[in-house]
Structure formats: C-alpha cells, structure tokens
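Visitor: Quick one: this structure, given as structure tokens, is what I'll be asking you about.
FYI, it's all coordinate maths here, none of it is from the lab. Note that the structure is predicted; figures quoted are calculated from it, not measured. Cβ placement follows ideal geometry from the backbone for every residue including glycine, while neighbour counts extend to all protein chains displayed.
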Amino acid sequence: MKNLKNKLTKERLTAIAKITGASYSILEKHLALESPTPFLKSQEQHYSLKESIYLHDDFENLLHVKLLDYGAKFEEDQLERNIGSSDREPLELKISEIDYKHQKVVLEGGIYGDLLHASANDPIAKFLIAGFKPGDYKKLDLYKTLTCEAYLLESRGDTKLSFFTYFTAIESFAALKIQDYKSSVHPELHHALEHLSLDDKIKIAGRESCSTDDLSTIPAWGDVIGEFKKAQKLRNKIAHAHSRVEVSTEQVDSVFYCLAGLIAIMNSKKYDFISIRKHLFP
C-alpha cells in the first residue's frame with residue numbers, strides 16, 4: 001500500500017498517462033533565434049533570446065513539456081551549443097512559460113556572436129512531451145478530461161481546485177459505471193439508480209465490476225474506500241464552509257489515490273496493491 005501511494009505521489013504523470021491514454025513523444029523543433037536585442041549586421045555581441053514554439057500541429061492537449069536538449073545537429077546523436085563566436089557564451093535556453101491552452105512553449109536565454117551566423121547552423125530544440133495527439137482528447141470520457149485538468153491545476157500549485165477536480169473525476173467515473181449498469185436492469189429502476197448517493201453508486205459499481213456481493217474480498221477495496229471517505233468529508237467541508245478551508249498536497253495525493261485505485265479495480269480488474277502498482281507503472 002505504501003509503495004503504491006509513494007509511486008502515485010512521486011510519479012503522478014506516469015499514472016495520469018495510464019489512466020487517460022496520454023502518450024509521450026520526443027519532438028524536435030527548429031529555432032529561429034528570435035531576439036529582442038537590436039540586430040547589428042556582421043557584429044558580434046550578446047543577444048538576448050525569446051522564442052515561442054507552437055505545438056498545436058502535433059498535440060491537441062498538453063500535460064507536460066520538458067526541454068531535453070538544444071543546439072545545432074552537427075553529429076547524429078549530439079547537439080552542439082557553441083554555434084556563436086564565443087565558447088564562453090554558447091547558446092543558452094530554458095523554458096520560461098508553457099501555455100497549455102494554446103499548446104505554446106516560450107524559450108528564453110542568450111548567445112554571444114553573429115546572430116546570422118548562429119542561425120545558419122539550423123539550431124533545433126528537442127522536447128519530451130506528454131499529451132494527446134490531434135483528435136484524441138475530444139474522444140475522452142469526462143472523468144479522463146477532469147483528471148487531466150486536475151493534474152494541470154496541481155502542477156500550477158492550486159491544491160484546492162485540483163483536489164475538487166480530482167474528486168469530481170471520481171463522481172464522473174462512478175456515474176459512467178452506473179450508466180453502464182443501467183442497461184442490465186429494468187427501466188423502472190433507472191431513476192432510482194441515478195439519484196443514489198455517491199457512496200452507494202461506488203458500492204454498486206464495485207460489486208458489478210468485480211462480480212461479487214462482498215467487496216471485503218477485494219484486498220485493496222477497504223483502504224481505497226477509507227481514503228475516499230476522508231476525501232468526501234473534506235470535499236463537503238469545502239463546498240459548504242463559510243470560512244476558508246485549506247487543502248494540503250497530502251490531501252490531493254489522497255484523493256488521486258482514490259481515483260486511481262477505483263479505476264484500476266473496476267476497469268482493469270486489479271484487486272490488490274501490487275497488481276494495481278504494476279498496472280499503473282508497467
């Protein structure tokens with residue numbers, strides 16, 4: 001149990017990708033070496049660099065972007081950053097902004113030398129990207145898009161809204177499982193099913209998905225539901241509180257553990273902590 005919880009905390013993105021179907025790609029993009037510094041033809045000087053890289057042709061939605069390397073591809077497996085006129089001030093770049101809504105990455109840095117000479121070396125930036133290819137994100141079930149939104153909110157440090165969105169993903173997942181279950185029961189029961197409490201929806205969905213009347217036989221169920229009840233109590237406190245309620249990163253970890261556990265148990269038939277961990281982190 002502790003190993004699973006630690007993995008879900010430290011390697012959140014891997015689990016998010018498994019749950020939602022997001023893919024990882026290494027992408028190379030040409031650098032124009034755009035500079036706000038006034039250009040002097042054939043003059044060597046320090047140039048500040050600020051460049052926008054657009055990824056919308058490659059990705060419909062972004063979860064994570066990491067700058068792996070940059071420079072001119074003089075050799076097949078290596079990028080050279082000394083493309084200006086000074087070994088002391090090679091090309092230096094870092095990510096200063098990621099616009100997830102518009103699939104844009106802003107790079108900032110600098111270089112010393114003749115900018116035209118440096119640009120003639122056709123420098124590139126190499127990125128590791130997690131996200132969804134065009135057309136894929138629109139096909140996701142609601143609980144998956146909510147999971148992605150919660151992760152991005154968490155990445156920005158908005159623990160309260162992230163917690164709330166992960167919890168809403170649990171509600172959406174339970175509603176989807178009940179919707180599937182409705183097809184196997186008499187239509188007169190549909191209204192009653194839709195208006196059950198969230199606790200009861202999860203119990204019914206769990207029994208149906210696991211083909212058991214006794215959920216205590218599912219090794220991971222008790223702990224996952226125990227954490228769910230804590231998360232539900234906090235969620236209700238936030239929703240009805242008249243004063244400010246703080247949400248810790250540990251509480252965000254807890255609600256995500258509930259979400260990941262319920263999905264693994266019901267969708268993938270992984271009933272114990274070891275099989276859930278191996279499923280989420282293959």
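Visitor: Answer yes or no as to whether Leu49 is more than 24 Å from Gly226 (Cα to Cα), surrounded by 15 or more Cβ atoms within 10 Å (Cβ to Cβ) and in contact (Cβ under 8 Å) with a residue 60 or more places away in the chain. Explain how you work it out, then say what you get.
Guide: Values: more than 24 Å from Gly226 (Cα to Cα): yes; surrounded by 15 or more Cβ atoms within 10 Å (Cβ to Cβ): yes; in contact (Cβ under 8 Å) with a residue 60 or more places away in the chain: yes.
Answer is yes for this residue.
Visitor: Continuing with the same structure: Among the residues of region 46-68, count how many are of a type outside the set (Lys, Arg), within 18 Å of Gly109 (Cβ to Cβ) and in contact with a Phe, Trp or Tyr (Cβ under 7 Å, 6 or more places away or on another chain).
Guide: Adding up the residues that qualify gives 4.
Visitor: Within 16 Å of Phe167 (Cα to Cα), without any contact (Cβ under 8 Å) to a residue 60 or more places away in the chain and of a type in the set (Val, Ile, Thr): which single residue out of Val224, Val185 fits that description? Give the steps one after another, and end with the answer.
Guide: Details: Val185 fails: within 16 Å of Phe167 (Cα to Cα).
The unique qualifying residue is Val224.
Visitor: Which of the strands (runs of 3 or more DSSP E) found entirely inside region 16-103 contain at least 2 residues meeting this: within 30 Å of Leu140 (Cα to Cα) and of a type in the set (Asp, Glu)?
Guide: Details: elements: 23-30, 45-54, 61-75, 78-80, 92-99.
Output list reads 92-99.
Visitor: Criterion first (buried (at least 19 other Cβ atoms within 10 Å of the Cβ), closer than 23 Å to Tyr54 by Cβ and either touching a residue at least 12 places away in the same chain (Cβ under 8 Å) or among the hydrophobic types (A, V, I, L, M, F, W, C) (or both)) does Phe163 satisfy it?
Guide: Working: buried (at least 19 other Cβ atoms within 10 Å of the Cβ): yes; closer than 23 Å to Tyr54 by Cβ: no; either touching a residue at least 12 places away in the same chain (Cβ under 8 Å) or among the hydrophobic types (A, V, I, L, M, F, W, C) (or both): yes.
No: the conditions fail for Phe163.
Visitor: Suppose we keep only residues that are of a type in the set (Gly, Ala, Ser) and crowded, with 16+ Cβ neighbours inside 10 Å within region 17-34. Which one would you say is nearest to Thr159 (Cα to Cα)? Give the steps one after another, and end with the answer.
Guide: Of region 17-34, the ones of a type in the set (Gly, Ala, Ser) are 17, 21-23, 25, 32.
Filter again for crowded, with 16+ Cβ neighbours inside 10 Å, leaving 17, 22.
On the way: Ala17: 20, Ala22: 22 Å.
Top of the filtered list is Ala17.
Visitor: Between Thr14, Thr37, which is surrounded by 13 or more Cβ atoms within 10 Å (Cβ to Cβ), farther than 30 Å from Ser119 by Cα, out of contact with any Pro (no Cβ under 6 Å at 6 or more places or on another chain) and among the polar types (S, T, N, Q)?
Guide: Exactly one residue qualifies, and that residue is Thr14.
Visitor: Can you tell which of Lys126, Lys182 is surrounded by 13 or more Cβ atoms within 10 Å (Cβ to Cβ), out of contact with any Gly (no Cβ under 7 Å at 6 or more places or on another chain), over 30 Å from Ser86 (Cα atoms) and among the basic types (Lys, Arg)?
Guide: Values: Lys126 fails: over 30 Å from Ser86 (Cα atoms).
Only one candidate passes the filter, namely Lys182.
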